[in-house]
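Readers should treat all values here as calculations from the given coordinates under stated rules, not as data from a laboratory. If you're wondering where the values come from, they're calculated on a predicted model, not measured in any experiment. When we count neighbours, we look across all protein chains shown, and the Cβ atoms used for this are built from the backbone with ideal geometry, even at glycine.
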Amino acid sequence: MELTSTSITDGEPIGLTYAHPNVGGSNVIPQLSWTPGPEGTRSYAITIYDPDAPTGSGFWHWILADIPADVTEIPEGGPLPSGARQWVNDAQEDGYSGPFPPPGPAHRYIHTVHALPTARLAAPDDAANVQVRFAIRTSELDSTSITGTFIVD
């Protein structure tokens, strides 16, 4: 699998358009495209993770799953595919929350697409995001990532 984006360049700063309103951003979902997963892929999940957040365990900005296997793109700003589910992220917001690190060094934002062997992830709609991430990671067939950075001066 390979992940590309017209919104984010791997290793480069993420634009304010995609950042959270807490840092003056517009919180627009970035465009993401990926090549099809391996044989047996029945759906995809997307996660965005900041490993540099000062929490001791990073910070999860987006957990999206149940993207049908025939979908290989999320357009900038959406819409999300029919049937896709989002969970509350570490900001306690439903769905996508763009970058909003504290002032200091740049943070990395790892955007990952996970190929899954089931059409519907085995996680209830009200599951804690840690349970959802566990279901994704323990069942994924393959994954691919790009990483952007963001800094607040």
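Computed quantities for the displayed model
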| read-out | value |
| --- | --- |
| Residue-averaged [θ]222 nm for the chain, counting only DSSP H segments that reach four residues, each worth -39500 (n - 2.57) | -2000 deg cm²/dmol |
| Neighbour-count ranking [beta-carbon atoms within 10 angstrom, fewest first] of 137, 85 | 137, 85 |
| Nearest-ten-degree value, helix 129-139 long axis tilted from longest Cα axis of the chain | 50 |
| Residue-count net charge about residue 110 - beta-carbon cut-off 12 Å; Lys, Arg +1, Asp, Glu -1 | -2 |
